[in-house]
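The values are calculated or read from the model by the stated rules, or taken from the named source; none is laboratory data. For clarity, every value in this text was computed on a predicted model and none was experimentally measured. Don't worry about glycine lacking a Cβ; one is built from the backbone with ideal geometry, like all the others, and counts go over all protein chains shown.
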C-alpha cells in the first residue's frame, strides 16, 4: 500500500506530547513540582504569619500557594506544550511542511522524504499506536513514522495492513483513541 501525505509542525508536536505523557521521568517531575512551589510559598507565609512580621504578605503567600496548587495542572500542560513546540520548530530548521511517501509492504516499509530515503524491516516495528487523529509506527524509542488519518483516503485498507502486521508478525496494536494532552 502506498501513501502520500504532508507532515506539519503540529503533527510532530503531537508525537512529542504523546511521548512526553508516557515518560515516567516527566510524570515524576510534574508531580514533584506540583507540591514543591506551593509548599515553599506556604512555608514562607506561615513563617511571616507566626512571626507577626507582615500579616498581609503572609496571606498573599498562603493564597498564592493555594492558587498555584489548584491551577498547576493547566499551567504545566500549557508550559510543557510551549516548550515542546519550540523544540519541534528548532528541529525542523525552518521547514514547516514535509512531503512523505510511504510504501507499506509485507516485509519492508519504505519512507521517502526531503530528509532522505529509508527502509525499515516490518519486524523492526516495536508497536503500532492508533490515536484519534494519527497512527504512530514505533521503530524504537527515537524513531517513529507518523501517519495522519485525515490525509489518508483509504483508512480501512490501512487498518487491514496494520491488522495483518499484528496477526502475522506479532506486532502489538495499541489503541489510544481517547488520549489527549493534559
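Specify which of the listed residues (125, 147) is surrounded by 12 or more Cβ atoms within 10 Å (Cβ to Cβ), modelled with pLDDT of 90 or more, outside the structural domain of residue 37 (by TED's automatic domain parsing) and more than 17 Å from residue 7 (Cα to Cα).
Numbers: 147 fails: more than 17 Å from residue 7 (Cα to Cα).
After applying the criteria, what remains is 125.
Checking the condition in contact (Cβ under 8 Å) with a residue 60 or more places away in the chain, out of contact with any strand residue (DSSP E or B) (no Cβ under 7 Å at 6 or more places or on another chain) and not assigned by TED's automatic domain parsing to the domain that holds residue 102, which residue from 41, 21 passes?
Values: 41 fails: in contact (Cβ under 8 Å) with a residue 60 or more places away in the chain.
Exactly one of 41, 21 is in contact (Cβ under 8 Å) with a residue 60 or more places away in the chain, out of contact with any strand residue (DSSP E or B) (no Cβ under 7 Å at 6 or more places or on another chain) and not assigned by TED's automatic domain parsing to the domain that holds residue 102, namely 21.
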Inset, instruction - Kindly provide the set of residues from region 137-155 that are assigned to a strand (DSSP E or B) and within 18 Å of residue 101 (Cβ to Cβ), ordered by number. - result: 137, 144, 145, 146, 147, 148
Inset, instruction - Scan (1) part of a strand (DSSP E or B); (2) loosely packed, with under 15 Cβ neighbours inside 10 Å for the single condition residue 83 breaks and write down its number. - result: (1)
Legend entry - Filtered residues of region 14-59 (kept if under 20 Å from residue 139 (Cα atoms) and not in a helix (DSSP H, G or I)): 22, 23
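Would you mind finding the one in 112, 11 that is assigned to a helix (DSSP H, G or I), on the phi < 0 side of the Ramachandran plot and touching a strand residue (DSSP E or B) at 6+ places or on another chain (Cβ under 6 Å)? So that I can check it myself, show each step before the final result.
Numbers: 112 fails: assigned to a helix (DSSP H, G or I).
11 is the lone residue from the list that is assigned to a helix (DSSP H, G or I), on the phi < 0 side of the Ramachandran plot and touching a strand residue (DSSP E or B) at 6+ places or on another chain (Cβ under 6 Å).
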Inset, instruction - Would you check if there is a residue in region 56-71 being in contact (Cβ under 8 Å) with a residue 24 or more places away in the chain and out of contact with any helix residue (DSSP H, G or I) (no Cβ under 8 Å at 6 or more places or on another chain)? - result: no
